[in-house]
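Written below as structure tokens is the structure these notes are about.
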Amino acid sequence: MRSYSSKIEEIRQREYGYLNGVTYLDHAGCTLYPTTLMHKFAQDLSSNLFGNPHSASPSSMLSSDRVETVRSRVLKFFNASPEHFDLVFVANATAGIKMVMDAFRDIEDGYWYGYHRDSHTSLVGVREHSKASRCFATDDQVEDWIASTSTAEEDSTMKLFAYPAQSNMNGRRSPLKWCGQVRKNKPNTYTLLDAAAYLTTGSLDLSNFQDAPDFTCMSFYKIFGFPDLGALIVRKSSADILTKRKYFGGGTVKMVLSIDTAWHSKRQEVHESLEDGTLPFHNIVALGHAIDVYAELYGTPKQVSAHASGLAKVAYERLLNLRYSNGAPVCEIYKDERASYNDSTTQGPTVAFNIRQPDGSWVGKSKVEEAAIKNNIHIRSGGVCNPGGVASFLQWDSVGMKKNFDAGMTCGDKNDLMGPGGKPTGIVRISLGAMSSMGDVEKFVHFVEQTYVYGGEMIGNIQPIARLKSEMQPLTSDVPSRVEEKRRMLKNIFRNMTGRNYVST
């Protein structure tokens, strides 16, 4: 039986017709939805009447039944036993993070917060409600903290440690073992795992509930392409801290008194006490179909991981080996020293880099993205919502960053190069997914080669050698010296590309 990797072109043609002429390399932002999923979802909505779940009508009961069925299926997708875990539907991973933060914010004596350098801004922002916080700049700092037994660490202050399973900047994957180690070694400390970027291609197994994160947040559009929905998976033995949050809304309460006295009684089930208001039940219906279609097309997350990791390894090696005629590297790649593209437990299918010119100077990130767009290549550039990772790899300290801000730099702008010598302010990122192909990798490497190594943009599907030969046909000009100059330039490019001299035919 052929693996789906060997059938990828067939799958792309059948399921992703909108990719015709497009090279999509931003799966870390959002992966792509298959046509079959959209058809199944539309057919389901056309054939059934789904009502607001907060009622006893047949349409309401149908929605309620689907919601609980899908909740169980998602837990099963991650091997999370309902005996030990509950799943709370939220808008996206950030909403799950905020739900945890809201609960900790309501702790009377406050809480301490620690987070890893590679954290997305959604994790970084939690520090604003803590009474004290620490950003761990390296893995060694995290591991030293976990192993430490200082008096300060043994106090009764509640603590929350958060980190991403995968950096959304460069795809570096953090040790999942930290969650279990924290539980064993750090009293009064909970763990929050941001699994959003990781789950685009990663395989998360929560079967070992003793070492699992207390709270795991995710966005399903990063796994399946659709629907726009997220979840917070809660370890039941850790849920007490969440269920004590003060806010309530919608059906999260059994009784509320408003007029004569302020009193309420909250529901006891974890998800019932946290899912405020009406659930996005149509999206949850779609999620059930997304799980089905994913299994039909790709099998398991492990198969997706193997496929995407193999492509990323090729992309990394080919970009790393691109050289100008003077031997200077074209790409400065930001790979963590602990990560390897040969090991998917340490590196996801993402390559973060910047492009240099032959003299070593930088090409602005937005210039690279603009050139890619002209060639129908979809990538991501900028700070990618990862302030710690970008600052570390680009060697910006807080003083320099603040100077850049004072000089007009903000997230998402085109201030590509700033400071002494013109240092990059952001990165270029390509990321691969379940439906990526070797053709995507080849197209992007070819684009970089043609645009920067050989100094000309790609045009359609014209192959470089054929294009050079066509350009070296007899030229006419009033200035013969310019004709000869162009011929010499094109012959040098031909020699660099092929290793042989050009002979006209």
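The values are calculated or read from the model by the stated rules, or taken from the named source; none is laboratory data. What you are looking at is a predicted structure, and each value in this text was computed from that prediction instead of being measured. For neighbour counting, all protein chains shown are included, and Cβ atoms are generated from backbone atoms with ideal geometry for every residue, glycine included.
Filter region 316-333 down to residues that are of a type in the set (Ser, Thr, Tyr) and part of a loop (DSSP other than H, G, I, E, B), then give me how many there are.
2
Scanning for something free of Cβ contacts under 8 Å to residues at least 60 places away in the same chain and surrounded by 23 or more Cβ atoms within 10 Å (Cβ to Cβ), does region 151-162 turn up at least one residue?
yes
Answer yes or no: is there a residue in region 387-406 that is part of a loop (DSSP other than H, G, I, E, B), modelled with pLDDT under 90, out of contact with any Leu (no Cβ under 8 Å at 6 or more places or on another chain) and among the aliphatic types (A, V, I, L, M).
Scanning region 387-406 turns up no residue that is part of a loop (DSSP other than H, G, I, E, B), modelled with pLDDT under 90, out of contact with any Leu (no Cβ under 8 Å at 6 or more places or on another chain) and among the aliphatic types (A, V, I, L, M).
When you check Thr410 against the structure, is it assigned to a loop (DSSP other than H, G, I, E, B), at pLDDT 95 or above, surrounded by fewer than 19 Cβ atoms within 10 Å (Cβ to Cβ) and outside the structural domain of Phe224 (by TED's automatic domain parsing), yes or no?
So Thr410 fails the test.
Might you let me know whether region 378-399 holds any residue that is basic (Lys, Arg), outside the structural domain of Ser167 (by TED's automatic domain parsing) and touching a helix residue (DSSP H, G or I) at 6+ places or on another chain (Cβ under 6 Å)?
The answer is no, given that none of the residues of region 378-399 is basic (Lys, Arg), outside the structural domain of Ser167 (by TED's automatic domain parsing) and touching a helix residue (DSSP H, G or I) at 6+ places or on another chain (Cβ under 6 Å).
Take region 223-252 and flag every residue that is surrounded by fewer than 19 Cβ atoms within 10 Å (Cβ to Cβ) and either modelled with pLDDT of 90 or more or more than 35 Å from the chain's Cα centre (by Cα) (or both).
Those that are surrounded by fewer than 19 Cβ atoms within 10 Å (Cβ to Cβ) and either modelled with pLDDT of 90 or more or more than 35 Å from the chain's Cα centre (by Cα) (or both): Asp228, Lys236, Ser237, Ser238, Asp240.
Phe353 is checked against (1) within 19 Å of Gln395 (Cα to Cα); (2) out of contact with any Leu (no Cβ under 8 Å at 6 or more places or on another chain) and fails just one. What number does that condition carry?
Evaluating Phe353 over (1) within 19 Å of Gln395 (Cα to Cα); (2) out of contact with any Leu (no Cβ under 8 Å at 6 or more places or on another chain) leaves (2) as the failure.
Give region 334-372 a look and list any residue that's within 23 Å of Leu199 (Cα to Cα), outside any loop (DSSP other than H, G, I, E, B) and without any contact (Cβ under 8 Å) to a residue 40 or more places away in the chain, or say none.
Of everything in region 334-372, those that are within 23 Å of Leu199 (Cα to Cα), outside any loop (DSSP other than H, G, I, E, B) and without any contact (Cβ under 8 Å) to a residue 40 or more places away in the chain turn out to be Ser340, Asp343.
Restricting the search to region 413-422, which residues are loosely packed, with under 13 Cβ neighbours inside 10 Å and touching a residue at least 24 places away in the same chain (Cβ under 8 Å)?
Gly422
Any chance you could count how many residues in region 153-176 are among the acidic types (Asp, Glu) and assigned to a loop (DSSP other than H, G, I, E, B)?
Here the count works out to 1.
Tally the residues that are more than 15 Å from Lys159 (Cβ to Cβ), assigned to a loop (DSSP other than H, G, I, E, B) and touching a residue at least 24 places away in the same chain (Cβ under 8 Å), restricting the search to region 117-148.
5
Any idea which of Leu320, Leu311, Leu279 is of a type outside the set (Val, Ile, Thr) and under 30 Å from Asp65 (Cβ atoms)?
When all the criteria are applied, what remains is Leu279.
Report yes if Leu204 is in contact with a strand residue (DSSP E or B) (Cβ under 8 Å, 6 or more places away or on another chain), touching a residue at least 12 places away in the same chain (Cβ under 8 Å), under 24 Å from Leu242 (Cβ atoms) and surrounded by fewer than 24 Cβ atoms within 10 Å (Cβ to Cβ), otherwise no.
Answer is yes for this residue.
For region 328-338, what are the residues that are more than 18 Å from Arg172 (Cβ to Cβ) and surrounded by 15 or more Cβ atoms within 10 Å (Cβ to Cβ)?
Within region 328-338, Pro329, Val330 qualify.
How about region 5-50: which of its residues are surrounded by fewer than 16 Cβ atoms within 10 Å (Cβ to Cβ), of a type in the set (Ser, Thr, Tyr) and under 21 Å from Phe444 (Cα atoms)?
The answer is Ser6, Tyr18.
Is it true that Asp359 is outside the structural domain of Asp118 (by TED's automatic domain parsing), of a type in the set (Asp, Glu) and under 26 Å from Met418 (Cβ atoms)?
In short, yes.
List pairs: first in region 284-302 and touching a residue at least 12 places away in the same chain (Cβ under 8 Å), second among the small types (Gly, Ala, Ser) and surrounded by fewer than 21 Cβ atoms within 10 Å (Cβ to Cβ), Cβ under 9 Å, 6+ apart or cross-chain?
Once the first residue is touching a residue at least 12 places away in the same chain (Cβ under 8 Å) and sits in region 284-302, its partners that are among the small types (Gly, Ala, Ser) and surrounded by fewer than 21 Cβ atoms within 10 Å (Cβ to Cβ) give Gly299/Ser3; Thr300/Ser203; Pro301/Ser203; Lys302/Ser203.
Can you name every residue in region 53-79 that is modelled with pLDDT of 95 or more and either under 19 Å from Gln268 (Cα atoms) or in contact with a helix residue (DSSP H, G or I) (Cβ under 8 Å, 6 or more places away or on another chain) (or both)?
Ser63, Ser64, Arg66, Val67, Glu68, Thr69, Val70, Arg71, Ser72, Arg73, Val74, Phe77
Going by what's in this entry, would Phe85 be described as closer than 16 Å to Thr252 by Cβ and surrounded by 17 or more Cβ atoms within 10 Å (Cβ to Cβ)?
Taking the combined requirement at face value, the residue does not satisfy it.
Show me the helices (runs of 4 or more DSSP H) found entirely inside region 239-315 where at least 1 residues are farther than 30 Å from Thr36 by Cα.
Where helices (runs of 4 or more DSSP H) fall fully within region 239-315 and carry at least 1 residues being farther than 30 Å from Thr36 by Cα, they are 240-243, 270-274.
Test Thr216 against the criterion of being within 21 Å of Gly125 (Cα to Cα) and either among the basic types (Lys, Arg) or surrounded by fewer than 24 Cβ atoms within 10 Å (Cβ to Cβ) (or both), and give yes or no.
In short, no.
Any idea which of (1) surrounded by fewer than 16 Cβ atoms within 10 Å (Cβ to Cβ); (2) under 26 Å from the mean Cα position of the chain (by Cα); (3) of a type in the set (Ser, Thr, Tyr) is the one Ser325 doesn't satisfy?
With respect to (1) surrounded by fewer than 16 Cβ atoms within 10 Å (Cβ to Cβ); (2) under 26 Å from the mean Cα position of the chain (by Cα); (3) of a type in the set (Ser, Thr, Tyr), Ser325 is out only on (2).
In contact with a Lys or Arg (Cβ under 6 Å, 6 or more places away or on another chain), closer than 30 Å to Phe89 by Cβ and either surrounded by fewer than 16 Cβ atoms within 10 Å (Cβ to Cβ) or not hydroxyl-bearing (Ser, Thr, Tyr) (or both) - does that describe any residue in region 348-362?
Within region 348-362, one or more residues are in contact with a Lys or Arg (Cβ under 6 Å, 6 or more places away or on another chain), closer than 30 Å to Phe89 by Cβ and either surrounded by fewer than 16 Cβ atoms within 10 Å (Cβ to Cβ) or not hydroxyl-bearing (Ser, Thr, Tyr) (or both).
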